[in-house]
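The next block holds one structure in the form of structure tokens; read it before the comments.
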Amino acid sequence: MPTIADSIKVHLPDGSVKEFPAGSTPHDVAQSISPRLAAAAVVARIRPLATAESEQTDKALNEPGEPEASMYGAEQANAERLVDLSTPLNEEVSLQLLTEKDAEALKVVRHSAAHVMATAVLELYPETKLGHGPATDAGFFYDFYRPTPFTPEDLKAIEGKMAEVVARNEPFVREWESRDQSLERFKTSNDFMKAHFVERFTKPGEEISFYRNGAFEDFCRGPHVPSTGRVKAFKVMSLAGAYWLGDEKNPQLQRLYGTAFFSNKEMEQHFARLEEAQRRDHRVLGKQLDLFSIQEVAGAGLIFWHPKGAMVRRIMEDWMRDECLRRGYSLVYTPHVARVNLWQISGHEGFYSQNMFTPMELDDAEYRMKPMNCPFHILIYKNSPKSYRDLPVRLAELGNVYRYERSGTMHGLLRVRGFTQDDAHIFCEPRQVEDEVVGCIEFAQVVLSTFGFTDFKVELSTWDPRDRKAYIGSDENWELAINSLQNALARKGIPYKTIRGEAAFYGPKIDIKLVDVLGRLWQLSTVQFDFNMPARFEMEYVGEDGERHQPVMVHRALFGSVERFFGVLVEQYAGAFPLWLAPVQAGIVPISERHLAYAEKIKTTLQNGGLRVEVDHRNEKMGAKIRDFTLQKLPYILIVGDKEAETGAISLRIRGQGDQGSMSLEDFVNRAQSLVESKSTSL
Ligand SMILES: [Zn+2]
Ligand SMILES: [Zn+2]
């Protein structure tokens, strides 16, 4: 332990160093900077500077693997950590004050809200025994033991009582007690969970840390906000059952979930976003709009594309194939299975087998479903000798691949066991590679903008040369590859984040994450170097010098997975696809049965004009037909009656814009065709 001095030095983030009397608190430090900062600060991050091991962070601590440990175990005196604003500082530290701008501060607010919740529960239901109450990514929970189940009315009462606790603005005060005393107290009061946590996470002889607010106290090492009044926006969300320590022989606990935010405005925005995300959920819309299904009898993670989803997919794929051809790719098809021997050569058998379907025994050999298309494209490349004049070779395929995902981990179209990659492999000379990467990036940008995404984030994953053994390929190759990726991004003027040490062992890569309409990031496109497979397959070409060389290999996928991209599209548009993608572009509503003939005539005209149309033949009221087409999110509804039949017109309703009145059939066809042609997102 450092000796306690009369004064201590505090290093601030701006580089300045200030001297304070020993025992001063982060709150004192904040006050000395500005009263406004003192009021805004939530918690402080300190790093002791006097001791040698101060490099450690909270994450690096050698804690037992249980999440509870961080709430109860003793703090590492030398480690960087978050502390209460009221913590006395007795040694030289670097100190950062966290305010509402910091995500970590929000976690402290949420955990403090868990204390407020427990305070409220004990005031209302004093017989309750407390388990534990951590912050989570979405809020917080607290485990309670109480023989009577909480009712929805109880939850409301708890929320109301929490508001009182917040209004009382009770300071969170840290107190200490000997371990033996605490244990005895908890055992006497039958607080079996608290007694367990003390026994499990503290050592004999230690002092136990408690936090008190008003009459409530909880065994916890903190940190917390300064007082209950700083829990400004909170909500009790839901209740779930859980067995104590996950064992069904143990008492059943009631886990009460809540969430908290810095302000009511932020909380409202959060709930609005959640609601919006639910409204857009591709699994719900997939059913509602009859786009796709997953069939239990066939297996989890395997997608059945229904006619309407399949139509969107066909348009996506046709577009992709045409674009590939325009950009000098050759389209290929390859099998879904191959002998295990091939996967041994490619290295998948060694490095990737846990992600592959188990082998199938046939009469001549064992076979495996393909998890990737790469080895197949290499075999096509190798099927004939190549000279530098043949390069670059760009082989593209919408290839179905199968990967083993554990049962229970599948999620709609996003996480599946079988999917289609818009996969391509480029084989080229080293001097060609930068242009090839530029080509891939331009292509990726066109994919995103064509399908209506305006915003994306780019990451460049490079190696860590200090960890040389973790990577294959020569230094020269790595430099070439990383430079090519950097230069390509620079040439396109694309800002990106470099992530050192994140490259695969076989090469660096660029990942493009699109940002959807709700601001969520989706990893889709990737451009990846590979120094491994060309060597494993002994690929070569004859260079201008007449010598044999190994080509550079780049993997790239732009949709990534067609299934996943489609899922993102459904959510992006909430199922209301732009005209060019809509599986049915117009629904025709004959006002009565005698208008059916005219409706059919219009349908033929529109189909001849390349449009996708349906007629509602049912003997239903016009209003019901319009409503059903509206629920199907059709871009256009065309209503036809006597007047329209006489004049060769239609009465037009546009999705989201309502009734547009009468329009000649010819004008409508022209309008629709030009919007499809331009892949417009307006109608
Ligand atoms: Zn706590
Ligand atoms: Zn590949």
Test ASN487 against the criterion of being within 16 Å of ligand 2 (Cβ to nearest atom), touching a residue at least 12 places away in the same chain (Cβ under 8 Å) and not β-branched (Val, Ile, Thr), and give yes or no. no
For ALA597, indicate whether it is small (Gly, Ala, Ser) and under 24 Å from ARG612 (Cβ atoms). yes
Restricting attention to strands (runs of 3 or more DSSP E) lying wholly within the stretch 287-356, give those where 1 or more residues are closer than 20 Å to ALA582 by Cβ. 292-294, 303-305
Out of all the residues in the stretch 316-334, is one or more at pLDDT below 95 and within 28 Å of LEU448 (Cβ to Cβ)? no
Single residue of ASP422, ASP475 found to be crowded, with 20+ Cβ neighbours inside 10 Å and charged (D, E, K, R): ASP422
All positions within the stretch 389-419 that are farther than 23 Å from PHE351 by Cβ and either surrounded by 18 or more Cβ atoms within 10 Å (Cβ to Cβ) or within 15 Å of ligand 2 (Cβ to nearest atom) (or both): LEU391, PRO392, VAL393, ARG394, ALA396, LEU398, GLY412, LEU413
Candidate set: the stretch 208-238, residues that are touching a Pro at 6+ places or on another chain (Cβ under 8 Å) and assigned to a strand (DSSP E or B); chosen: the one nearest to ligand 1 (Cβ to nearest atom): ASN213
Residue under evaluation ARG536, criteria (1) in contact (Cβ under 8 Å) with a residue 60 or more places away in the chain; (2) more than 26 Å from GLY439 (Cα to Cα); (3) touching a helix residue (DSSP H, G or I) at 6+ places or on another chain (Cβ under 8 Å); (4) more than 16 Å from ligand 2 (Cβ to nearest atom), criterion not met: (4)
Given the options SER678, SER664, name the one that is surrounded by fewer than 12 Cβ atoms within 10 Å (Cβ to Cβ) and of a type in the set (S, T, N, Q). SER678
Subset of the stretch 104-130, residues within 13 Å of ligand 1 (Cβ to nearest atom) and over 28 Å from the mean Cα position of the chain (by Cα), comes to HIS115, VAL116, MET117, ALA118, THR119, LEU130
Mind listing whichever residues of the stretch 350-380 are within 16 Å of ligand 2 (Cβ to nearest atom), within 29 Å of the chain's Cα centre (by Cα) and surrounded by fewer than 17 Cβ atoms within 10 Å (Cβ to Cβ)? PHE351, TYR352, ASN355
Given the criterion in contact (Cβ under 8 Å) with a residue 60 or more places away in the chain, out of contact with any strand residue (DSSP E or B) (no Cβ under 9 Å at 6 or more places or on another chain) and among the β-branched types (Val, Ile, Thr), identify the matching residue among ILE345, ILE303. ILE345
Only one of (1) in a helix (DSSP H, G or I); (2) within 24 Å of PHE351 (Cβ to Cβ) fails for SER484. Which number is that? (2)
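Conditions tested, residue by residue: (1) modelled with pLDDT of 95 or more; (2) away from ligand 2 (no atom under 16 Å from the Cβ).
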{"residue": "LYS469", "(1), (2)": "no, yes"}
{"residue": "TYR496", "(1), (2)": "yes, yes"}
{"residue": "GLY507", "(1), (2)": "no, no"}
{"residue": "ASP516", "(1), (2)": "no, yes"}
{"residue": "TRP522", "(1), (2)": "no, yes"}
{"residue": "PHE531", "(1), (2)": "no, no"}
Quick check on the stretch 501-537: of everything there that is among the acidic types (Asp, Glu) and either touching a Lys or Arg at 6+ places or on another chain (Cβ under 8 Å) or over 15 Å from SER346 (Cα atoms) (or both), which residue is surrounded by the fewest Cβ atoms within 10 Å (Cβ to Cβ)? GLU502
Within the stretch 183-207, restricting to residues that are under 37 Å from the mean Cα position of the chain (by Cα) and either closer than 23 Å to GLU123 by Cα or away from ligand 1 (no atom under 16 Å from the Cβ) (or both), the one that is surrounded by the fewest Cβ atoms within 10 Å (Cβ to Cβ) is ARG200
Among (1) touching a strand residue (DSSP E or B) at 6+ places or on another chain (Cβ under 9 Å); (2) farther than 19 Å from GLY560 by Cα; (3) loosely packed, with under 13 Cβ neighbours inside 10 Å, LEU325 falls short only on (2)
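This table checks each residue for (1) within 15 Å of ligand 1 (Cβ to nearest atom); (2) touching a Ser or Thr at 6+ places or on another chain (Cβ under 9 Å).
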site	(1), (2)
ASP84	yes, yes
THR87	yes, yes
ASP102	no, no
HIS132	yes, no
THR148	no, no
PRO152	no, no
GLU159	no, no
GLU175	yes, yes
If I filter the stretch 557-571 for residues that are farther than 21 Å from ALA277 by Cβ and more than 23 Å from the chain's Cα centre (by Cα), do I get at least one hit? no
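The values are calculated or read from the model by the stated rules, or taken from the named source; none is laboratory data. Source: prediction; values computed, not measured. With ideal geometry, Cβ positions are generated from the backbone for all residues, glycine too; neighbour counts draw on all protein chains shown.
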